[in-house]
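Single-structure report; data block below.
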Amino acid sequence: MNVTDLWSLVPELYLTGLGLLVLLVDLFLPQERKSVAGWIAIAGLLLTLIPSAAMLTWTPRTVVYDTYVVDGFGAFFKLLAIGATILVILTSLDYFRPGTPFATPFMGEMIALYVFMALGMVLMAASADLILLTLSIEFVSLTSYVMAGFLKADPKSNEAGVKYFLFGAAASAVMLYGFSLLYGLTGSTNLYVIAERIRQADPVVVFVALAMSLAGFGFKISMVPFHQWTPDIYEGAPTPVAAYLSVGSKAAGFAAFLRTLLVSIHPSGVDWAILVAVLSAITMTIGNLLALPQRNIKRMLAYSSISHAGFILIGVAAFGGTFSNPAVLLYLLAYMFTNLGAFFVAMVVSTAIGSEEIPDFAGLARRAPVSAFAMALFMLSLTGIPPTAVFLGKFYLLASAIEGGLLWLAVVAIVNSVISLYYYVGVIRAMYLLPPAEETAIREPPILRAALAVTMVGTLIVGLYPEPFVKLAHLAAMYTARL
């Protein structure tokens, strides 16, 4: 390593130091002042955004013996991961505070876990070596297991942690076998060396390696048939953790999947696009159909998350076109604001009334008007109604499918959007048309209102003024297989 390598790793070094600092500070904080650790983490993460944003315009390069990539693509996902972490930590300060049903004496440790998980997601997005990628995925996975089971007194949280661990261990084992096949075919773990040598490999074995690698990536992004963990873990995990997994872990999974697929496997000539397209159609359809009967808001958002993973896979299947290159990035950005916001409203309601059932959202417009309006906006955005953020993402994805000759997949996506309208509007109907069980106003904490304001503005501004975000996505998607 040289000085240039160290400068290229400034965000990663910041995150490492910040996580250790939060742990150290937490040792000296009294129980009633644990939130100080959260504010230190938020300040540190805001500072980390500066060098990460600067890297968007850097010339693509590999560092640390060609195992790590510094490019606009990686920088985009660094911004996404850090931004999501800031918002989730902000809401966690109220969710875990003393006096709430979810109060914990270990808030400082949870804040540190958020920071370390952000570090793992950043590493996943920029790994250019199968060994480093595996270590990054496992780092994120192990952190996620602990966070999902963090509420030790809650049986559902305990169950979520154990189930998540068992599913994750099985998926990782299959993925590692796929990686070992790539190494056996090429004699290297470096993605760019694999790209050079895989052209002479047996295409059947390459396809098997891809299929097995999809187990790990599919687990991270909640893709069918590796989606079974999602509803149980989202329901049992603390709501801020479920929100974080739904956007942060998913975005990092897509980043790692895209880089591995397009850099190392695409040069083999194996027709992987049809496999991804079929998985996309199945994933969005199963996710939507299973979301229809759900009464728990977190389980509904979990199946919705599976469906949206299917939508994003459209951009992967059609990658390489004018629309498809920025489509995945735009959709993930839009989905981050929208889905985090929906979970934040669920957090307000569950903390106040102790229920996450959709029928208990009845009359929310009278009891918590700001939260109800925000949830209505997020539900419409998740459906893909203009002029919201997810509409822009869906527009680009459908355009990429048509451009890539996948018209049938675009039709499936449109049908699924219509299906999703039923369960998203069902939440709006409960909030605005059904009478409340009681008239008592629901407390909307200032911290949660601030987080909701950010997500609402993000959901609207991406849809109403998309030009800078489209340019950002195009810039971040302009990376090459050869550096």
Would you point out the residue of the stretch 312-363, among those that are under 30 Å from I414 (Cβ atoms) and modelled with pLDDT under 85, that is most open to solvent (accessible area, probe 1.4 Å)?
T322
Among (1) of a type in the set (K, R); (2) over 19 Å from L332 (Cβ atoms); (3) buried (at least 18 other Cβ atoms within 10 Å of the Cβ), K156 falls short only on (3)
Out of everything in the stretch 185-224 that is farther than 14 Å from G253 by Cα and of a type in the set (D, E, K, R), what residue ends up being surrounded by the most Cβ atoms within 10 Å (Cβ to Cβ)?
R197
Restricting attention to the stretch 227-262, report how many residues are surrounded by fewer than 21 Cβ atoms within 10 Å (Cβ to Cβ) and under 22 Å from P326 (Cβ atoms).
2
How many of the residues making up the stretch 444-456 are part of a helix (DSSP H, G or I) and over 13 Å from V390 (Cα atoms)?
9
Within the stretch 246-305, how many residues turn out to be more than 22 Å from F337 (Cα to Cα), of a type in the set (D, E, K, R) and assigned to a helix (DSSP H, G or I)?
1
Looking at the stretch 127-135, is at least one residue of a type in the set (D, E) and surrounded by fewer than 22 Cβ atoms within 10 Å (Cβ to Cβ)?
no
Report every pair of residues separated by at least 6 positions or lying on different chains whose Cβ atoms are under 8 Å apart, first residue within the stretch 172-186 and farther than 12 Å from A211 by Cβ, second outside any helix (DSSP H, G or I) and charged (D, E, K, R).
L185/D202
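Can we say Y192 is more than 18 Å from the chain's Cα centre (by Cα) and assigned to a helix (DSSP H, G or I)? Let's see the steps before the verdict.
Numbers: more than 18 Å from the chain's Cα centre (by Cα): yes; assigned to a helix (DSSP H, G or I): yes.
Criteria met by Y192.
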Restricting attention to the stretch 74-106, which residues are in a helix (DSSP H, G or I), open to solvent by 10 Å² or more (accessible area, probe 1.4 Å) and among the β-branched types (V, I, T)?
I86
Unique residue being without any contact (Cβ under 8 Å) to a residue 40 or more places away in the chain and closer than 17 Å to G74 by Cβ when the list is L166, L135:
L135
Filter the stretch 424-467 for residues that are open to solvent by less than 10 Å² (accessible area, probe 1.4 Å) and either of a type in the set (D, E) or closer than 16 Å to V88 by Cβ (or both) and give the result.
P445, L448, A451, L452, T455, G458
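Per-residue answers, yes or no, for (1) in contact with a helix residue (DSSP H, G or I) (Cβ under 8 Å, 6 or more places away or on another chain); (2) farther than 24 Å from F139 by Cβ; (3) among the small types (G, A, S); (4) at pLDDT below 90:
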position: Y192; (1), (2), (3), (4): yes, no, no, no
position: L214; (1), (2), (3), (4): yes, no, no, yes
position: F219; (1), (2), (3), (4): yes, no, no, yes
position: F226; (1), (2), (3), (4): yes, no, no, yes
position: W229; (1), (2), (3), (4): yes, no, no, yes
position: E235; (1), (2), (3), (4): yes, yes, no, yes
Those residues of the stretch 369-389 which are open to solvent by 10 Å² or more (accessible area, probe 1.4 Å) and not β-branched (V, I, T), in sequence order:
P369, F373, A376, L377, L380, G384, P386, P387
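The values are calculated or read from the model by the stated rules, or taken from the named source; none is laboratory data. Quick caveat, the model's predicted, so the values are computed rather than measured. Glycine also receives a Cβ, built like all others from the backbone with ideal geometry; neighbour counts cover every protein chain displayed. Remember, those area values only see protein heavy atoms, side chains included, never the ligands or the DNA or RNA. Shrake-Rupley method; radii C 1.70, N 1.55, O 1.52, S 1.80 Å.
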